[in-house]
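Quick notes on the structure that follows.
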Amino acid sequence: MKLADLDIIVTAPPAPGWGGRYWIIPKVTTDTGIVGYGECYASSIGPDAMKAVIKDVFARHMAGENPENIELMFRRVYSSGFTQRPDLTVIGAWSGLEMACWDILGKDRDRPVHALIGGRMNDRIRAYTYLYPRPSHPLPEFWASPDMAAEVALDMVEKGYTAVKFDPAGPYTIRGGHMPSLHDITLSVAFCKAIRDTIGDSADLLFGTHGQFSTGGAIRLGKALEPYSPLWYEEPIPPDNVAEMAKVASAVGIPIATGERLTTKAEFAPILRAGAATILQPALGRSGGIWETKKIAAMAEVYNAQLAPHLYAGPVEWAANIQLAASIPNILMAETIESSFHNDLIKGTITVEDGYIPVPTAAGLGIDFDEDLARAHPYTDDGLHLQMQEAPIGYHGVNSFAGGAPVKRETAD
């Protein structure tokens with residue numbers, strides 16, 4: 001069996017667009033007719049340019065190869081052009097293609113992917129969700145309202161979730177770490193208080209920041225949040241400075257989580273060595289795919305650290321996250337987006353039940369991908385998957401973050 005053909009589907013989730021502006025889905029077919037799907041979470045270039053990268057990686061390093069040879073193909077990609085170092089875009093292309101190889105291998109053997117990478121360690125995976133607005137909640141007011149966030153948190157607890165994430169401390173900017181304003185600190189504390197007062201100890205609080213703050217600013221905000229005992233303080237400073245993140249970890253009594261912007265074990269290993277985080281959040285469509293992230297999980301075991309795979313993408317990456325999570329002993333939880341488009345794109349083949357994701361037993365990634373639906377929603381805009389704010393934050397009021405929503409909400413999801 002050899003890898004023979006590549007097609008790339010770029011689909012745009014309809015409004016409100018939770019999960020980003022577009023999802024890049026490589027479709028790989030073998031010479032025996034088996035089809036595998038993956039998802040690339042490389043968002044530093046536009047989808048047309050990314051399609052060219054994916055095609056080059058496939059043609060140069062994978063076409064005609066046995067899909068079993070994951071390690072060989074990874075080393076080709078990782079070393080390409082005399083690099084042998086993490087390259088976010090190239091490894092992002094590989095990550096989606098690698099998922100497709102595992103999907104093929106599982107279908108060829110009529111086994112789920114987790115059975116091929118160590119077997120089933122976990123029958124179900126604890127899920128967490130971001131606090132997305134109710135259809136009745138006004139935008140953008142929702143993003144700066146502790147009371148509305150608490151209402152949604154209660155909704156999620158009633159659905160069975162035991163962890164909810166929110167990030168009221170302002171937008172991510174191109175400017176690196178900044179000192180949070182007093183308004184943003186006060187609002188962040190108000191969010192934690194309102195949610196904790198509403199749901200009690202029914203769910204953990206997951207506090208996100210998108211790598212916004214200076215070291216001193218992150219410590220200052222973290223200290224203010226400590227009374228509410230969040231389960232994690234996510235990416236408190238930009239992810240490119242491990243030593244400074246370690247300073248935050250040692251100064252703040254909240255576990256540090258990071259990893260959605262990192263790729264390969266070469267970038268996760270320094271985090272563990274420095275004690276910069278005890279919760280790793282790889283996005284499998286960027287981190288190197290399933291096999292590379294399995295290695296990251298093994299490294300994390302040695303440091304008594306846990307994994308919480310990130311998801312701000314489509315359901316194919318989610319499926320890969322769940323296959324990995326099923327096979328490792330140090331899974332903490334997995335991010336989930338329960339939109340109708342996510343569900344419909346995989347025909348409901350993965351679900352959340354009372355706050356947990358039952359591990360699928362179907363072959364490959366365990367999903368039934370609706371290719372026609374994906375193609376019926378082409379991406380026609382020119383924005384990137386996520387957009388950074390260029391202007392600096394202000395200090396005269398709250399710096400509202402729009403929750404990653406790429407488009408105006410048109411219909412309830």
Scanning for something touching an Asp or Glu at 6+ places or on another chain (Cβ under 9 Å) and among the aliphatic types (A, V, I, L, M), does region 103-112 turn up at least one residue?
yes
Mind counting the residues in region 25-72 that are closer than 21 Å to Glu371 by Cα, among the acidic types (Asp, Glu), part of a loop (DSSP other than H, G, I, E, B) and open to solvent by 30 Å² or more (accessible area, probe 1.4 Å)?
1
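Yes/no matrix, rows are residues, columns are (1) surrounded by fewer than 19 Cβ atoms within 10 Å (Cβ to Cβ); (2) of a type in the set (S, T, N, Q); (3) part of a loop (DSSP other than H, G, I, E, B):
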site: Leu205; (1), (2), (3): no, no, no
site: Gly211; (1), (2), (3): no, no, yes
site: Lys223; (1), (2), (3): yes, no, no
site: Glu226; (1), (2), (3): yes, no, no
site: Tyr233; (1), (2), (3): no, no, no
site: Arg261; (1), (2), (3): no, no, yes
site: Ala266; (1), (2), (3): yes, no, no
site: Ala276; (1), (2), (3): no, no, yes
site: Ile296; (1), (2), (3): no, no, no
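Test Ala257 against the stated conditions and say whether it is small (Gly, Ala, Ser) and either without any contact (Cβ under 8 Å) to a residue 40 or more places away in the chain or open to solvent by less than 40 Å² (accessible area, probe 1.4 Å) (or both). Full working, then the answer.
Numbers: small (Gly, Ala, Ser): yes; either without any contact (Cβ under 8 Å) to a residue 40 or more places away in the chain or open to solvent by less than 40 Å² (accessible area, probe 1.4 Å) (or both): yes.
When the stated conditions are applied, Ala257 passes them.
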Only residues in region 78-102 that are in a helix (DSSP H, G or I) count as the first member; pair them with residues that are of a type in the set (D, E, K, R) and modelled with pLDDT of 95 or more, Cβ under 6 angstrom, at least 6 apart or cross-chain, and list the lot.
Gly92/Arg286; Ser95/Arg286; Gly96/Glu39
What are the residues in region 344-357 that are open to solvent by 50 Å² or more (accessible area, probe 1.4 Å) and either over 18 Å from Gln323 (Cβ atoms) or in contact (Cβ under 8 Å) with a residue 40 or more places away in the chain (or both), if any?
Asp344, Glu353, Asp354, Tyr356
Given the conditions (1) assigned to a loop (DSSP other than H, G, I, E, B); (2) within 19 Å of Pro230 (Cα to Cα), and given that Asp147 satisfies all but one, which numbered condition is not satisfied?
(1)
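Return yes when Tyr233 is free of Cβ contacts under 8 Å to residues at least 40 places away in the same chain and among the hydroxyl-bearing types (Ser, Thr, Tyr) and no when it is not. Please lay out each step first, then the result.
Working: free of Cβ contacts under 8 Å to residues at least 40 places away in the same chain: yes; among the hydroxyl-bearing types (Ser, Thr, Tyr): yes.
So Tyr233 passes the test.
The values are calculated or read from the model by the stated rules, or taken from the named source; none is laboratory data. None of these values were measured; they are calculated from a predicted model. Cβ: placed from backbone, ideal geometry, glycine included. Neighbour counts: every protein chain shown. Accessible surface areas use protein heavy atoms only, side chains included; no ligands, DNA or RNA. Shrake-Rupley method; radii C 1.70, N 1.55, O 1.52, S 1.80 Å.
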